[in-house]
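What follows is a short report on a single structure.
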Amino acid sequence: MAVIDQHITPTPLKQKQMTNFVIVAECPQLWTHWHKIRITSGHHECNDTTTMRQEHTPISSHDVLDQIVSYLNKIDERKSYAPSNVHVEIYNYSHCKFVPLVKNELDDQCGKRRIRCIIQIQMEEPSQQKSQHDGNASGEQILLLTGRYFNYDPNGIDFAGTTLIVKEESNNKDEDGTGLNVWDGSLLLARYLEKNPSKVRGKSVLELGSGPGLVGIAAAILGSKVVILSDLSYALPLMKRNVEFNKNMIYSTQCETIDCVEINWFSPPDRDTLCEYERFPQVILIADCVWLEDLVTPLIDTVEKYYNAHTKEVIMTYQRRGKAADLLFWKRIRSLFTSITIVDTLNDYGIDRPEFLSLLICKKDDS
């Protein structure tokens, strides 16, 4: 996944007649630092024969996609990218959600000074090869997100002596977002809890931005007394199905309650509407939810709203995705917490992790 800031360069053309701009992209799956890509219109016509001045046609969505694909192929010679396996979504501020990049949406967005995009890359495995987790020898081609660091199998992963089943879906839906995929941040946080079950065992747990629900389900399997998973409404059906897949294992532990609720960080419900248990939440879990600058403040405000005298700590995985979001994130959590520990997962717990992904434990003095 890549988060992109688009900075529109000055142009004498009308607002919606953009002929060039620069996107500044970060894609942790492919590179570890920012890349700038200049997008120009795909067609140039010389209409003024007297001055030989070139007039550029406006940039189309095809220009954007084709030039992103061309750039990916240029920097990553190991892969062969094509428009069919590179999906671009732009943030629609009017509807407060990501929408697929299509002609009309591009025109609507080009009048803004900043446009945010997500690149999702899917590659087909050669039919003669099998995924290391695929027990099917039929040779069926499987679509995979490139760059996943941790092992993941939608049919089940080994976890705490049992099998944890969490499915995912494509995010290319009418209601777009990133909450339908299992990301590395959730896999890292689940593995950390597996090594440290006392962090959640017997406790009430709230997970923010649960997506498919892997971390919250893992906490329940490890014996959390109460687990509340949460996300926007579009993610809840998949989340609930994943809870159902694991219900026998969940209720064979100390877990008494597991529920999936809607929490919009811009207008989070009151704590007592989420759970009847008085000492809730004792632990707040967050797996790699900071990916847009616009979401940092609502997320941290939501954490602050639910953090109370019963809360012991916030455990989160964090991936840096852009300078502005990173600066704001650290400013906010340093103002909220008095203790922030960056866990050495490799040396302390034998959990290797990608360089760009961190695990933090945050507390207040009165915790």
Among the candidates 258, 286, residue that is more than 16 Å from the chain's Cα centre (by Cα) and either in a loop (DSSP other than H, G, I, E, B) or under 15 Å from residue 207 (Cα atoms) (or both) | 258
What do you reckon, is residue 215 under 15 Å from the mean Cα position of the chain (by Cα), in a helix (DSSP H, G or I) and at pLDDT 95 or above?
-> yes
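Is there a residue being assigned to a helix (DSSP H, G or I), at pLDDT 95 or above and either farther than 28 Å from residue 341 by Cα or open to solvent by less than 60 Å² (accessible area, probe 1.4 Å) (or both) anywhere in the stretch 198-211?
yes
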Selection count, the stretch 313-324, where residues are modelled with pLDDT under 95 and either in a strand (DSSP E or B) or surrounded by fewer than 20 Cβ atoms within 10 Å (Cβ to Cβ) (or both) | 5
Is it the case that residue 294 is over 24 Å from the mean Cα position of the chain (by Cα) and over 20 Å from residue 363 (Cβ atoms)?
-> no
Pull up the stretch 341-367, narrow it to residues that are within 22 Å of residue 186 (Cβ to Cβ), in a loop (DSSP other than H, G, I, E, B) and among the acidic types (Asp, Glu), then point me to the one that is most open to solvent (accessible area, probe 1.4 Å).
-> 355
Of the numbered conditions (1) polar (S, T, N, Q); (2) surrounded by 18 or more Cβ atoms within 10 Å (Cβ to Cβ); (3) in contact with a Lys or Arg (Cβ under 8 Å, 6 or more places away or on another chain), residue 338 fails exactly one; give the number of that condition.
-> (2)
Failed item in (1) modelled with pLDDT of 95 or more; (2) open to solvent by 70 Å² or more (accessible area, probe 1.4 Å), with residue 276 passing the rest | (1)
Check residue 237 against each of (1) under 21 Å from the mean Cα position of the chain (by Cα); (2) open to solvent by less than 20 Å² (accessible area, probe 1.4 Å) and name the one condition it does not meet.
-> (2)
Can you tell me which residue in the stretch 262-283 is farthest from residue 185 (Cα to Cα), limited to those that are aliphatic (A, V, I, L, M) and assigned to a loop (DSSP other than H, G, I, E, B)?
-> 274
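The values are calculated or read from the model by the stated rules, or taken from the named source; none is laboratory data. Note that this is a predicted model, so its numbers are computed, not measured. Note that we place each Cβ from the backbone using ideal geometry, even for glycine, and neighbour counts take in every protein chain shown. To get the accessible areas, we keep the full protein, side chains included, count just its heavy atoms, and leave off ligands, DNA and RNA. Shrake-Rupley method; radii C 1.70, N 1.55, O 1.52, S 1.80 Å.
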